[in-house]
Amino acid sequence: MARKSHVQTTINGETVEFLCESRQSLLEVLRDELYLTGAKEGCNNGNCGACSVILDGRLVNSCLVLGVETEGRSVETIEGLAEPDKLHPIQDAFLENAALQCGICTPGFIMSAKALLDSNPNPTEHEIRYWLAGNLCRCTGYDKIVKAVMDAAQETSA
Amino acid sequence: MQDFSYVSAQTVSEAVSLLDENGEKARILAGGTDLIVQVREARRDVGLMIDVKSIPEVNVLDYDDDAGLTLGAAVECYKIYAVDAICNAYPGLIDATKIIGGTAIQGRAGVGGNLCNASPAADCIPPLIVLGATCVIAGPNGERELPVEHFCTGPGQTALEKGEMLVSLKIPAPASNSSSFYLRFIPRNEMDIAVVGAGASVTLDAAKQTIVSARIALAAVAPTPLFAEEASELLAGREVSDAAIDEAAQAAQAIARPISDMRGTAEQRTHLVGVLTRRALNGAIQRI
Ligand SMILES: Cc1cc2nc3c(=O)[nH]c(=O)nc-3n(C[C@H](O)[C@H](O)[C@H](O)COP(=O)(O)OP(=O)(O)OC[C@H]3O[C@@H](n4cnc5c(N)ncnc54)[C@H](O)[C@@H]3O)c2cc1C
Ligand code: FES
Ligand code: FES
């Protein structure tokens, strides 16, 4: 069996320790070791964005990060967004706008939208569409997703 | 995915020794947006990944109006286009850093990785060539420098010898009255690989009438990105005119050796070289 490394990292604000093989992606670590199954595996090669998480404040595809690379770093996933009794405004906006159908792309879109609004609280529609270009959705046709992000921007920057 | 070891190297000499000891099976890990995909798809046999992102020299991002840019080999795209002075000095390179993948890819992918992956279609390589970039390479026998246009030797093949790694890229400060431009043809608006790419840099005289010098480089029309040397040279001393730009575009077409594949036919690619070279030259001139 392949040797495992001990990794300590911060996930959604909490210090987490895990053992993983070098070849395990951050996505695999999140899902298979830590049972945080919000981030999804779509393509496993960087094209679909279903695995999007925020690493040290920056949006990344967790399928293209090794688990061992996250030593000492900070990861935000969809599980960290809502408060116990309240959804995050982006989550609310997705529900209000019916911006999801099967939902497999949704955690990725929401993390991507969060990274956008963290860095640019008032994006134009054009900026939203470009920012989200790395997130694919097979169901909605994107318009409702873009509308949801615009609404969430208004809500959070108001 | 194949099993491999992982080391986060702390110094250039540590990374170089590891590369030298482990030979072919050791690979440098920068952003991993090429490497991790290649290993997962079993297109590359890797026993050791040497993460260089903790090494200070490969994280340098230092611009000075006189000295130019030192760009560490692992600096991610998003950090580069966040610096206004770099955007103003090298707009052609910025064009490329902004079209590699989408936001999440640009959070990890770097110019150094794009170069070392040595894809014929790599978007950053034509701008590096037209900006006169130099590779700073470290190896078991010390450091050496190499102009970017000599770095790629075939698809996925580079001039790096056993034990060598790219430390940084040096780009000279832009001359006055100069600018640069890069564009590619893709069937989509984003998230695609170039069918053809073209980069140009142009320096005009003070009156902005005459071309003092120009450089043109192409992607995806040969086994490596190409420096279109003759096309570049025939512009020197010419008045800015459609005729001069057409001539350069034709000379660029003459060196293209494209293949036909699922992205486009050789004929379409040759046609695109003409169109994109004209647009890149005009784009650079308009930015001056
Ligand atoms: C979804 C997606 C979209 C993409 N879109 C584009 C695109 O539009 N245009 C484009 O050109 N590319 C694209 N790419 C390819 C890739 O993102 C780029 O080539 C990127 O710049 C690679 O940088 P990296 O830091 O991730 O490199 P890595 O994957 O870390 O490394 C790439 C290669 O270079 C070697 N290497 C890296 N650094 C060094 C060094 N310092 N010394 C020696 N060897 C080194 C590695 O061993 C590896 O073989 C895309 C990839 C994905 C997954
Ligand atoms: S699963 Fe990571 S981008 Fe598709
Ligand atoms: S809702 Fe089904 S893929 Fe987006």
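Values quoted throughout were computed directly from the atomic coordinates according to the rules given, and no laboratory measurement underlies them. Remember, predicted model here, so these are calculated numbers, not experimental data. Heads up, the Cβs are rebuilt from the backbone with ideal geometry, glycines too, and the neighbour counts pull from every protein chain shown.
Here are some notes:
- Acute angle (nearest 10 degrees) that the helix A:143-157 long axis makes with the longest principal axis of chain A, alpha-carbon atoms: 90
- Potential lengthening of the chain between B:GLU41 and B:THR210 amounts to 55.8 nm, from the contour at 0.36 nm per residue minus the alpha-carbon distance.
- Over chain A, equivalent-ellipsoid semi-axes from the Cα gyration tensor in Å: 28, 16, 13
- Listed residues A:GLN24, A:GLN101, A:GLN91, most fluctuating in chain A (Gaussian network, C-alpha, under 10 Å): A:GLN101
- Mean per-residue shielding of peptide A:49-62 is 4, counting Cβ atoms of other chains within 10 Å of each Cβ.
- Share of pairwise Cα separations in chain B, more than 33 Å, in percent: 21
- Residue-count net charge about A:GLN24 - beta-carbon cut-off 14 Å; Lys, Arg +1, Asp, Glu -1: -3
- Rounded Å value of the spacing that divides the Cα centres of the stretch B:29-73 and the stretch B:146-188: 14
- Between the helical axis of B:242-255 and the longest alpha-carbon principal axis of chain B there is an angle of about 40 degrees.
- Considering only B:ASP95, B:ASP66, B:ASP205, the Gaussian network model of chain B with Cα springs below 10 Å gives its largest mean-square fluctuation to B:ASP66.
- Pairs of lysines in chain A (C-alpha under 29 Å apart; 8 or more residues apart or interchain): 10
- Part-to-part distance (alpha-carbon centres) for the stretch A:84-158 and the stretch A:22-65, which is given in Å: 19
- Angle of helix B:12-22 to the longest C-alpha principal axis of chain B, folded into 0 to 90 degrees and rounded to 10: 70°.
- Within the listed set B:LEU226, B:LEU19, B:LEU183, the residue fluctuating most in the Gaussian network model of chain B (springs between alpha-carbon atoms under 10 angstrom) is B:LEU19.
- GluC sites (Glu not before Pro) restricted to the stretch B:20-56 and DSSP loop, no more than 15 other C-beta within 10 Å: B:GLU41
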